[in-house]
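Written out below as structure tokens is the structure these notes cover.
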Amino acid sequence: AMDAIPDEGREGRITIAARGEADSEVEIKITDTGTGIPEKIIDRIFDPFFTTKDVGKGTGLGLFVTHNIIEQHGGSISVGSRVGEGTVFTIKLPAQGGERNG
């Protein structure tokens, strides 16, 4: 999300919100007011080695690895975006029941 906020000219905001119920699902939303993701590339952002950064500035593995970790835990991640307005990533994970330590 930090990469989505331009350094020059305008302030940006990143918001993280979580909600859930015991023995159900946890939902985490990460929202930014950055530049947004163009429609022509949004379907590729979870692909390995896909990056929009300059050569040497990114590996293109961050969202790919994130996607895989979430899926390995029985969850999902989705994205919605509007160019010039921002992006929201929604992560859904199964909640684990049982006793809590602490």
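Readers should treat all values here as calculations from the given coordinates under stated rules, not as data from a laboratory. Everything numeric in this text was worked out from a predicted model, so none of it was measured. Here the Cβ is made from the backbone with ideal geometry for all residues, glycine too, and neighbour counts use every protein chain on show.
Quick rundown of the values:
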item: Top positive-direction residue, dipole computed over region 2-94 with Cβ charges, set Val65, Gly12, Phe89; result: Gly12
item: Size of electric dipole in region 2-94: Cβ of Lys, Arg +1 and of Asp, Glu -1, about Cα centre, debye, nearest 20; result: 140 debye
item: Theoretical gain in end-to-end length, Ile14 to Leu61 [0.36 nm per residue, Cα-Cα removed]; result: 14.8 nm
item: Note, ³J(HN,Hα) from phi for region 75-87, Karplus 6.51, -1.76, 1.60, rounded to Hz, x at Gly and Pro; result: x, 9, 9, 9, 9, x, 8, 10, 4, x, 10, x, 9
item: Region 42-86: trypsin sites (Lys or Arg not before Pro) falling in loop per DSSP and having at most 13 other Cβ within 10 Å; result: Arg44, Lys53, Lys57
item: Gained length - Asp23 relative to Glu39, 0.36 nm times residue gap less alpha-carbon distance; result: 2.2 nm
